[in-house]
Every structure is written in structure tokens, then in C-alpha cells.
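Undergrad: Got a structure here, written out as C-alpha cells. Questions coming.
The values are calculated or read from the model by the stated rules, or taken from the named source; none is laboratory data. Quick caveat: nothing in here was measured; it's all calculated off a predicted structure. No Cβ is skipped: glycine too gets one built from the backbone with ideal geometry, and neighbour counts run over all protein chains shown. Each accessible area value is taken on the protein alone, full model and side chains, heavy atoms only, with ligands, DNA and RNA left out. Shrake-Rupley method; radii C 1.70, N 1.55, O 1.52, S 1.80 Å.
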Amino acid sequence: MISIKHLSKIFKNPDGSSITVLKDVNCDIQKGEVISIIGPSGTGKSTLLRAINMLEPPTSGEIWVDGENIMAKGYRLDKMRKKMGMVFQSFNLFDHMTVLENITYAPVRLLKISEENAREEAMDLLRKVGLAQKADVFPDSLSGGQKQRVAIARALAMHPDVILFDEPTSALDPTMVGEVLSVMRQLAKDGMTMLIVTHEMRFARDVSTRIFFMNEGIIYEDGTPEQIFEHPVHSATKAFVNRIQKLVYDIDSEDFDYLQIRTGLNQFFLKYNLSGKAENAYSIISEMLFEHLGGIRPLTFRITFAELSGETALDFMVEGASASPIKDPAALDGIRKKAQAIVEEPTARGFRIKILI
Ligand code: ADP
Ligand code: MG
């Protein structure tokens with residue numbers, strides 16, 4: 001359906017220097033595929049999507065869509081635009097139009113569908129994304145998650161062959177990520193061809209037929225979710241997919257700032273969608289810091305979250321200790337009930353109590 005050959009994109013800076021963002025991108029996308037594009041920021045993921053639909057015309061290479069090179073002179077871009085929908089990080093709804101008008105605008109003008117049919121279909125699409133009751137409101141009264149669902153309905157209204165998504169959830173409040181991802185999961189199930197730039201690793205693993213790992217302006221590695229996430233070939237891929245997010249606090253004295261830790265943890269839980277674990281975590285952390293490890297200072301407290309496996313751990317580390325600072329194993333029985341596991345182990349620099357939650 002889409003075939004990309006030796007695609008490059010060079011941006012010229014005003015000072016005459018230039019930056020090569022896409023070096024040599026090659027790939028084939030078949031109908032019905034759901035491809036997630038992952039990779040560090042600044043590696044050209046957005047530029048690739050924008051190049052594919054010619055919002056950002058490539059410097060060289062070829063893009064074949066249904067057997068036609070859309071970069072060839074004389075190719076009419078509106079033909080390709082009807083085939084490709086795009087959903088942006090920042091929604092890009094028309095603020096002066098109602099939700100319904102946002103959805104019917106392009107089908108009426110570009111596909112020449114009657115107003116009435118367009119409205120009927122728009123209502124069907126709004127029901128599909130769970131927003132039928134919002135048809136007549138203006139976008140500014142919607143939450144970010146609702147706006148993004150409208151943007152998806154708007155893309156669908158054009159009956160595209162493929163939809164390109166550029167980080168559709170990264171501008172959203174964490175509480176709204178799920179509602180947008182679940183609409184996208186449904187689209188994938190329905191057989192929609194999708195190309196999705198995303199940082200949501202678990203979503204990418206669950207929903208994709210293939211993963212492109214982009215790095216340094218090329219598709220560095222591509223394969224099934226299993227190949228990329230479980231058995232990556234390149235070390236850069238491996239490092240990226242096994243990334244661990246963490247927050248570290250050194251606790252030097254008894255009057256440490258517990259409130260500051262709570263505030264930091266709160267943001268951490270929100271950011272990584274871990275709010276379900278928060279209450280349990282706070283109870284374990286305060287019991288550890290104030291009771292079991294009460295007199296033990298300095299110590300280091302750390303929370304880690306492995307994005308792919310979802311493993312979340314609370315680490316309490318005492319530098320220089322060779323044995324557990326908690327002498328009575330039964331002291332942790334209460335915490336053991338709240339945790340998935342407790343591992344007490346010596347480390348290179350001291351001793352660690354790791355509590356998986
Ligand atoms: P990603 O989406 O992977 O984070 P982008 O495709 O947005 O990466 O950007 C890749 C690189 O291209 C960045 O270094 C960015 O600064 C540069 N870039 C993107 N758009 C432009 C532009 N219009 N002009 C100049 N440089 C750009
Ligand atoms: Mg981007």
C-alpha cells in the first residue's frame with residue numbers, strides 16, 4: 001500500500017547550515033498493518049510522518065502509494081490526502097466550529113457528500129468514540145482526551161485508507177490517555193491501517209503488528225513487537241525498550257522533607273499512569289522511612305518503573321551496610337502483604353531492600 005525508498009529530509013537553517021533529519025528511510029506498509037514508530041526524541045519520527053503525507057516535502061527519495069509515486073511531478077496531492085488521515089499531538093480542531101461541523105466539514109467539501117449524510121455519519125462516528133452527546137458544543141469546552149477523540153472521528157469521516165498518528169496522547173493529562181488509546185485499540189481491531197508515533201510502550205507492544213525503532217534518521221530496527229521488545233538485535237534498540245524511569249531521594253537526617261517526596265512521587269505516578277499503586281506505595285514508604293528504617297541515616301530511597309514490563313519497585317539503600325538493617329524478618333510481615341515481593345540483598349556499595357509493588 002505504501003512503499004518508501006531512500007527517503008531523506010534535510011532542513012536548511014537561516015544561517016545557511018543544514019541538518020539531515022531523515023537519512024535513508026526504507027519501508028513497506030501493507031494494508032491492515034498497525035505500525036508503531038518508537039525511538040528517542042529528535043530522531044525524525046514526526047518528520048517521517050509529515051514527509052509521508054507531504055506536509056513536509058522530502059528532499060529526496062520515493063513514496064509510492066497504491067502504485068503511484070506521490071513525489072513525482074504532476075501527481076495531485078489531494079488524491080493522496082483523501083487516502084491518509086492525520087491525528088496530531090495538539091488535536092488541531094477548528095475552534096470556531098462545533099464538534100459536528102469539525103467532522104462534516106471536509107467530507108462535504110472534498111468528498112462531495114451531502115450535508116445530511118455527512119451529519120448522519122458524523123453522529124455514528126461520535127457514538128463510536130463515545131461522544132455523541134457533545135455533537136453541538138465547541139471544542140474549547142472539551143477535555144484534551146475528548147478533543148483527541150473528536151480528531152480521530154474527524155479523520156475517520158474521510159474514509160482514509162491509513163491514519164497517521166503523531167504522539168496522540170503525549171499532550172494529554174495522564175488520566176485521559178486511556179480513553180484515547182482504547183479508541184485506537186478498537187480501530188486496530190476493526191482492521192484500520194495505522195502508523196503511530198508513540199511513547200506508550202505497552203500500548204505499542206499490545207496493539208502493533210510491527211514496530212519501527214527510529215534512531216539517527218533511519219529505521220534502525222524493525223520487526224514484530226516480540227522481536228523488538230523481547231529480542232532486539234541492536235544494543236541501541238535494547239537500551240531504548242528497556243528504559244527504566246526513576247526518582248531518587250537521599251535522606252540524610254530525621255527532619256527530611258517528606259512532603260517534597262510525596263509531591264515528587266505524585267507526579268511520577270501520574271506521569272506513568274501508576275495512580276492505582278499510589279496509596280499502597282505511600283503506606284509502604286512511610287512505614288519504611290519512619291518505622292523500620294527510622295534511625296538509619298543516611299539512606300537512599302528510589303522508585304523505579306520499567307515502562308515495558310510495568311515492574312515498579314521501591315528501593316531502600318543503605319550505603320556501607322553489609323547486612324539488612326532490619327534485624328527481625330517478621331518486622332516486614334505487614335508490608336509483605338501489601339507487596340508483590342521483597343528482596344533483601346547486598347549491592348556493590350551497601351545493602352538494598354527492594355519492594356516490588
Ligand atoms: P521526533 O519526532 O523524533 O522527536 P522530529 O522529526 O520532530 O523528531 O525532529 C527531528 C529533528 O529535526 C530535530 O532535530 C528538529 O529540531 C529538526 N526539525 C524538525 N522540524 C524542523 C524544521 N521545520 N526546521 C528545522 N529543523 C527541524
Ligand atoms: Mg515528534
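Undergrad: What distance in nm separates the simple spin-label points at residue 322 and residue 96, each placed 7 Å from Cα in the Cβ direction?
TA: Label-label distance for residue 322 and residue 96, simple model: 7.7 nm.
Undergrad: Which of 92, 295, 53 sits closest to the plus end of the dipole of the chain, meaning its Cα is farthest towards the positive end, when Lys and Arg get +1 and Asp and Glu get -1 on the C-beta?
TA: 53
Undergrad: Here's a follow-up. Could you give the length gained by full extension between residue 64 and residue 308, i.e. 0.36 nm per residue of separation minus their alpha carbon distance, to one decimal place?
TA: Values: separation 244, 0.36 × 244 = 87.84 nm, distance 3.36 nm.
Separation in residues times 0.36 nm, less the Cα-Cα distance, equals 84.5 nm.
Undergrad: Residue 5 to residue 243: extension gain in nm, 0.36 nm per residue of separation minus the Cα-Cα distance? Walk me through the intermediate numbers first.
TA: Details: separation 238, 0.36 × 238 = 85.68 nm, distance 3.06 nm.
Full extension of this stretch gives 82.6 nm more.
Undergrad: How high is the relative contact order of region 258-356, in percent, counting Cα pairs under 8 Å that sit 6 or more residues apart?
TA: Here the relative contact order equals 22 percent.
Undergrad: If you take the C-alpha gyration tensor of the chain, multiply each eigenvalue by 5 and take the square root, what semi-axes do you get, largest first, in whole Å?
TA: Largest first, the chain gives 46, 26, 17 Å.
Undergrad: Mind grabbing the accessible area of residue 240 for me, 1.4 Å probe, Å², rounded to tens?
TA: Looks like 20 Å² after rounding.
Undergrad: Ignoring ligands, DNA and RNA, what percent of the 1.4 Å accessible area of region 246-357 is carbon and sulfur? Intermediate values should be presented prior to the final figure.
TA: Values: 2920 of 5790 Å².
The computed percentage sits at 50.
Undergrad: Here's another thing I want to ask about it. I'd like the Karplus ³J(HN,Hα) series for region 104-115: coefficients 6.51, -1.76, 1.60, θ = phi - 60°, whole numbers in Hz, and an x wherever there's a Gly or Pro.
TA: Running phi through 6.51 cos²θ - 1.76 cosθ + 1.60 with θ = phi - 60° gives 7, 3, 6, x, 5, 7, 9, 9, 6, 7, 5, 3 Hz.
Undergrad: Moving on. Report the extension gain between residue 132 and residue 28 in nm, rounded to one decimal, defined as 0.36 nm multiplied by the number of residues separating them, less their alpha carbon distance.
TA: 33.8 nm
Undergrad: Also, quick follow-up: At 1.4 Å probe size, with no ligands or nucleic acids counted, give the accessible surface of residue 141 in Å², nearest ten.
TA: 70 Å²
Undergrad: Over the chain, what is the mean sequence separation of C-alpha contacts under 8 Å (at least six apart), divided by residue count, expressed as relative contact order in percent?
TA: Numbers: 626 pairs, mean separation 54.9, N = 357.
RCO, the chain: 15 percent.
Undergrad: Could you give the dipole magnitude of the chain about its Cα centre, charging the beta-carbon of Lys and Arg +1 and that of Asp and Glu -1, in debye to the nearest 20?
TA: Numbers: 42 positive and 47 negative charges, 157 e Å.
I would put it at about 760 debye.
Undergrad: Turning to a different aspect of this structure: Given H placed 1.01 Å from N in the peptide plane, which residues other than close sequence neighbours of residue 215 have an amide H under 5 Å from its amide H?
TA: For residue 215, whose amide H was placed from the backbone, the distant partners under 5 Å are 220.
Undergrad: Let me ask you something else. If amide H atoms are built 1.01 Å from N in the plane of the peptide, which residues on other chains or at least 5 residues away come under 5 Å of the amide H of residue 34?
TA: Amide H neighbours of residue 34: 194, 209, 210.
Undergrad: I would also like to ask the following. Under the rule a/c < 1.5 gives rounded, and otherwise a/b versus b/c splits prolate from oblate, where does region 241-357 land using the Cα gyration tensor? Walk me through the intermediate numbers first.
TA: Numbers: a/c = 1.45, a/b = 1.34, b/c = 1.08.
It comes out rounded by the Cα gyration axes.
Undergrad: While we're here: If packing is taken as the average count of other Cβ atoms within 10 Å, what order do 22-29, 201-208 fall into, highest mean first? Walk me through the intermediate numbers first.
TA: On the way: 22-29: 17.6, 201-208: 19.4.
Packing proxy ranking, top to bottom: 201-208, 22-29.
Undergrad: Among DSSP bridges having both ends in the chain, what percentage is antiparallel? Round to the nearest 5.
TA: Approximately 75 percent, going by the DSSP bridge assignments.
Undergrad: Could you check how much of the accessible area of region 114-155 is carbon and sulfur, as a whole percent, using a 1.4 Å probe?
TA: In region 114-155, the share of accessible area belonging to carbon and sulfur is 43 percent.
Undergrad: Rounded if a/c is under 1.5, else prolate if a/b beats b/c, else oblate: with a ≥ b ≥ c from the C-alpha gyration tensor eigenvalues square-rooted, which is region 59-210?
TA: oblate
Undergrad: I would also like to ask the following. Could you report the accessible area of residue 224 in Å², rounded to 10, computed with a 1.4 Å probe on the protein chains as they sit in the structure?
TA: Number for this one is 60 Å².
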